[in-house]
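Heads up, the thing below is written out as structure tokens.
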């Protein structure tokens, strides 16, 4: 390598030697000087011909290889190890089997002129739809030829396309741009990646470690961009929907527990309800969050102390409140918990004895039967029609009794 690369492409892989060969072959055809691009293959314990495939590209593209023992699905850990070997100021994460066009590297780098985190398009990927097998075409055509052949087919579009089109592809209009940060095709400035602590390696199995990284990056102020020109095509392969669903449910719980925020509760509720599916409702996080913001403004400084006092008559015990407002009755013990979606109201509660949670009540960090009573106050009225079932389910999970203070 005669100079430092501008872009490091990191590919996690596990026992997919043939798809990996296809991805490396596409990367070897980049139109920008290959000295400006390096590839790091992060092997998550393969036992097939993966190492031989990597070795076969020696001299064709600048290439590094890292192997970690097979201790289960550890894609986040593999990506982190790959990133540690990377020398470029921009890291591009790409899944094994993605077929990129000849301008993939250049267009990712161009997008970083105005962004710190860039979402690239991933064509042909929809885990919810019946798969269309174009493997034969992929054997015959170059990626750009395959793109030209199939680009207008509905099944070939990036499954996120319609949701992104609603904002005219302007990521700064989104409350949750991290919702689209899939590491099938994603790039980030290395300084930002390491500043937030890289991937959380406690995420095991399939799903969510990329969105959780995106969430931390956005919270830290990273500018999010989108490049439809930095496209990749997912080559067809077998999926395990049931296995993915099981592991992603564990990971969504870790995500929400780690970062307590109303937006994440809405995300988790929709994700759980539509697990294994990318139906229209799955993309409704933005809509529901905007409705929550509107209701927060509407409910304003509604004081619910009196109704909480009435609802807790007969002995305070351990109490949790969904929609606590700015204060709670003074005679409650310190073992009580306040769950409130309005952060300003929650912070205004002067009594520091109580466990305070910035949330809605759809997913709380409490164990089963942690409380003698859960009170759902009238501050929750504007969310009731949409989330009644989920709110009651969570209240009954953490409380022995549940009381709703308004006519439902």
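In whole angstrom, how far apart do the alpha carbon centroids of the stretch 138-203 and the stretch 349-408 sit? The distance from the Cα centre of the stretch 138-203 to that of the stretch 349-408 comes to 36 Å. Largest GNM mean-square fluctuation among 328, 42, 78, using the chain with Cα springs under 10 Å: 328. When the Gaussian network model of the chain links Cα atoms closer than 10 Å, the mean-square fluctuations of 208, 94, 174 top out at 174.
For the chain, the longest principal axis of the C-alpha atoms and the axis of helix 209-219 are separated by about 70°. This ranking places 141, 213, 109 by how few other beta-carbon atoms lie within 10 Å of each, fewest first, which gives 141, 109, 213. Between the Cα long axis of helix 17-27 and the first principal axis of the chain there is an angle of about 80°, rounded to the nearest 10.
In the chain, the DSSP-assigned H stretches of four residues or longer account for a calculated mean residue ellipticity at 222 nm of -10500 deg cm²/dmol, using -39500 (n - 2.57) per stretch and the full residue count as denominator. Note on the stretch 151-262: Rg/Rh from C-alpha atoms, Kirkwood Rh, equals 0.96. Percent relative contact order of the chain, based on C-alpha pairs within less than 8 angstrom and at least six residues apart? That works out to 14 percent. Listing 336, 349 from fewest to most neighbouring C-beta atoms within 10 Å gives 349, 336.
Rounded to the nearest 10 degrees, the inclination of helix 241-258 to the longest alpha-carbon principal axis of the chain is 60 degrees.
Please work out whether the stretch 322-408 counts as rounded, prolate or oblate from its C-alpha gyration tensor, where a ≥ b ≥ c are the square roots of the eigenvalues and a/c under 1.5 means rounded, while otherwise a/b larger than b/c means prolate and anything else oblate?
Taking the square roots of the gyration eigenvalues as a ≥ b ≥ c, the stretch 322-408 is oblate.
If you sort the three axes of the alpha carbon gyration tensor as a ≥ b ≥ c, you get a/c under 1.5 for the stretch 7-240, which makes it rounded.
Once percent of Cα pairs over 41 Å apart is calculated for the structure shown, the corresponding label among (i) 49; (ii) 10; (iii) 24 turns out to be (iii). Each of 193, 366 was scored by other Cβ atoms within 10 Å of its Cβ. Arranged with the fewest first, they read 366, 193.
Computed from the coordinates by the stated procedures, all read-outs in this text should not be read as laboratory data. Nothing here was measured: the structure is a model prediction, and the numbers come from that model. Don't worry about glycine lacking a Cβ; one is built from the backbone with ideal geometry, like all the others, and counts go over all protein chains shown.
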